[in-house]
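**Student:** The following block contains the structure, expressed as structure tokens.
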Amino acid sequence: MPLKPSAQRVQDALAARGLELEVVELETTARSAAEAAAAVGCVVGQIAKSLVFRGRRSGRPVLVIASGKNRVDLSRVEALLGEPLDKPDADFVRAETGFTIGGIPPIGHDHPLTTLIDEDLLGYERIWAAAGHPNAVFPATPAQLVTMTGGTVARTA
């Protein structure tokens, strides 16, 4: 069965990077880390949740990929970036990434995003990330996540 267009876009982005990772469409939604973990049979910490913020001064989009067990410490992330951040509305997220909230993948965005990756994700052998749709995910290793995003590993929680 073909993937939904937004999930196919992520599958294509993975293939373009030479990654043989497969997007999986689930029967249930994976909008939250807990839902995703239950659907794929892993612990919540293995879910790589993608959160988009907007630089208050620059207006640039920032992607924080956090372990599902962690809450992003905004003041810590702001200190890392040297700029205050705001939580943008759904229109900004869609305009910058090409995806809707609840299915933001780590790759395949419409525009380049400054990306930070929660160092806690590196403690897992396998992680699961959103794949462009609330019902779509893909597995990867933490090293693959870092490579595919070009992100900076940091303490974000």
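Read the figures in this text as sums done on the coordinates, not as results from a lab. It should be emphasised that the depicted structure is a prediction, and the values quoted were computed from it without experimental measurement. When we count neighbours, we look across all protein chains shown, and the Cβ atoms used for this are built from the backbone with ideal geometry, even at glycine.
**Student:** Between residue 101 and residue 56, what is 0.36 nm times their sequence separation minus the Cα-Cα distance? Round to one decimal in nm.
**Tutor:** Roughly 14.2 nm would be gained on extension.
**Student:** What does the extension gain come out to for residue 31 and residue 76, with contour length at 0.36 nm per residue minus their alpha carbon separation?
**Tutor:** Gain in length upon complete extension: 13.7 nm.
**Student:** Of 142, 61, 112, which is the most mobile in a GNM of the chain whose springs link Cα atoms less than 10 angstrom apart?
**Tutor:** Residue with maximal mean-square fluctuation among 142, 61, 112: 112.
**Student:** While we're looking at this one, here's another question. If I take every Cα pair under 8 Å that is 6 or more residues apart in the chain, average their sequence separation and divide by the length, what percent do I get for the relative contact order?
**Tutor:** Relative CO of the chain lands at 29 percent.
**Student:** Moving on to the next point. Mind checking which of 49, 69, 87 has the largest fluctuation in a GNM of the chain, springs on alpha carbons under 10 Å?
**Tutor:** Taking springs between Cα atoms under 10 Å, the residue moving most is 87.
**Student:** Mean residue ellipticity at 222 nm from the helices of the chain, using -39,500 (n - 2.57) per DSSP H segment of n ≥ 4 over the full residue count, to the nearest 500 deg cm²/dmol?
**Tutor:** -8000 deg cm²/dmol
**Student:** Right, next: Could you check the spin-label model distance between residue 154 and residue 1? Points 7 Å from the Cα along Cα→Cβ, value in nm.
**Tutor:** 4.0
**Student:** Let me check against my output: what whole-number percent is the relative contact order of the stretch 64-122, with C-alpha pairs under 8 Å and at least 6 apart?
**Tutor:** 44
**Student:** Follow-up question, since we're still on this one. Relative to the Cα centre, what is the charge dipole magnitude of the stretch 15-157, using +1 at the beta carbon of each Lys and Arg, -1 at the beta carbon of each Asp and Glu, and rounding to the nearest 20 debye?
**Tutor:** The calculated dipole for the stretch 15-157 is roughly 380 debye.
**Student:** Report the FRET efficiency, 1/(1 + (r/R0)^6), for residue 16 and residue 111, where r is their Cβ-Cβ distance and R0 is 25 Å, rounded to 0.05.
**Tutor:** 0.95
**Student:** Let me ask you something else. Rank 129, 15, 30 by mean-square fluctuation in a GNM of the chain with C-alpha springs under 10 angstrom and give only the top-ranked residue.
**Tutor:** It is 15.
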